[in-house]
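What follows is a set of notes on a single structure, which appears directly below.
Laboratory data are not the source of any read-out in this text; all were calculated from the coordinates shown. From a predicted model like this one, the values you see are computed outputs, not experimental measurements. All Cβ positions, even for glycine, are placed from backbone atoms using ideal geometry, and neighbour counts span all protein chains on display.
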Amino acid sequence: MPSRRAVLLDIDGVLTVSWRPLPHAVEAVARLRAAGHPLALLTNTTSRTRASIARALDDAGFAVGPDDILTAPAITAAFLRDRYPGARCLLLNSGDIAEDLAGVSLVEDRPDVVVVGGAGPEFDYAALNRAFGHLHRGARLVAMHRNLYWRTDAGLQLDGGAFLLGLERAAGVEAEVVGKPAGAFFAAALSRLDARPGEAVMVGDDVEADVLAAQRHGITGVLVRTGKYLPQDEQRPDGTPDHVIDSVADLPDLLR
């Protein structure tokens, strides 16, 4: 495999699980930096701000800062400011991400846009039914991602995408998805690293949102057998990863 200038790394399931580093992940990131690969960390995590994620990764031993991290909430904020300037937005999300939604008007009633993030206890019947009502009355639907589940130290857990499907079907609308697998998310990362798609690799544990989505945009996709990986991910009717490795620890050698 030829060397690539840019490495796009998913965080959850690739570098960490429940914010604890996976074996040899810290060393792998250090090796990538030492080899001169520009790095960007892309995450659909919606429960933390970029600054909070950077602190958690620093505590875990990774030498990264907020500027290395692109999050679905931050990309969503930019999307809302551009596409729906001044819109009143109802946020359905688990976690405090207000810092990364600067410039977005968050309201509880009569929203112009319903914004769906990551799932948690907040996704109860009352909240989902309230969102459905607003959509039925004409509010737009914007989703930070379509992730159906993710892995924690307690195992696989349902994510916002599972509820998003129900809202779309019930209200007869289609969400505008901003985080991975949206092309705008990958484009923002490549722009930050001054790289073209053919000069980059995307490393993830979500075969659809991370790997195949990146491949559709001309980026080499690398699936890791950690995090939410399942054996059937290696052979799917909608596509096959360019590369499959046991963990991110194997990435520096793959790039060589």
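Tell me, Kirkwood radius of the stretch 29-171 from alpha-carbon pair distances, in Å?
Radius from the Kirkwood sum: 16.2 Å.
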Item checked: For q = 0.24, 0.27 Å⁻¹, Debye-computed log10 I/I(0) when each Cα of the stretch 1-63 counts as one equal scatterer -> -1.09, -1.31
Checklist line | Leu106, Leu22 arranged by Cβ crowding within 10 Å, fewest neighbours leading | finding: Leu106, Leu22
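Give me the dipole magnitude in Debye, nearest 20, for the stretch 1-142 about the Cα centre, with unit charges on the beta carbon: positive for Lys and Arg, negative for Asp and Glu. Walk me through the numbers before you get to the answer.
Working: 15 positive and 16 negative charges, 88 e Å.
I would put it at about 420 debye.
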Checklist line | Of the DSSP H helices in the chain, those whose Cα atoms cover at least 15 Å axially and whose Kyte score averages 1.0 or more | finding: 183-193
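Multiply the residue separation of Arg225 and Glu27 by 0.36 nm, subtract the distance between their alpha-carbon atoms, and state the gained length in nm to one decimal.
Full extension of this stretch gives 69.5 nm more.
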Note to self: Restricting to Cα pairs below 8 Å that are 6+ residues apart, what does the relative contact order work out to for the stretch 111-154? Please round to a whole percent.
What the structure shows: 58
Next item on the list: Go through Gly13, His136, Leu254 and say which Cα lies farthest out towards the positive end of the charge dipole of the chain; charges sit on Cβ, +1 for Lys and Arg, -1 for Asp and Glu.
Entry: His136
Checklist line | Three semi-axes of the equivalent ellipsoid, the stretch 24-95, Cα gyration tensor, whole Å, largest first | finding: 30, 14, 8
Next item on the list: Figure the gain on full extension for Val173 and Arg20 (residue separation times 0.36 nm, minus the Cα-Cα span) and round it to one decimal in nm.
Entry: 51.3 nm
Margin query: Rounded to two decimals, what is the ratio between the C-alpha radius of gyration of the stretch 193-256 and 2.2 N^0.38 Å?
Written below: 1.05
Next item on the list: Quote the relative contact order of the chain in percent (integer), defining contacts as alpha-carbon pairs under 8 Å separated by 6+ residues.
Entry: 22
Check: Among His145, His134, what is the fewest-to-most ranking by other Cβ atoms within 10 Å?
Finding: His134, His145
Item checked: Paired Rg and Dmax values of the stretch 84-161, which use every Cα atom, in angstrom -> 13.0, 40
Next item on the list: In a Gaussian network model over the chain where Cα atoms closer than 10 Å are linked, find which of Asp82, Asp242, Asp100 has the largest mean-square fluctuation.
Entry: Asp82
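Compute the FRET efficiency between Asp59 and Ala188 as 1/(1 + (r/R0)^6), taking r as their Cβ-Cβ distance and R0 = 25 Å, and round to the nearest 0.05.
0.45
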Next item on the list: Starting with the fewest neighbours, write out Glu234, Glu199 ranked by other beta-carbon atoms found within 10 Å of each beta-carbon.
Entry: Glu234, Glu199
Next item on the list: Based on a Kirkwood Rh over C-alpha pairs, give the Stokes-Einstein translational diffusion coefficient of the stretch 146-256 at 4 °C and viscosity 1.567 mPa s in µm²/s.
Entry: 86
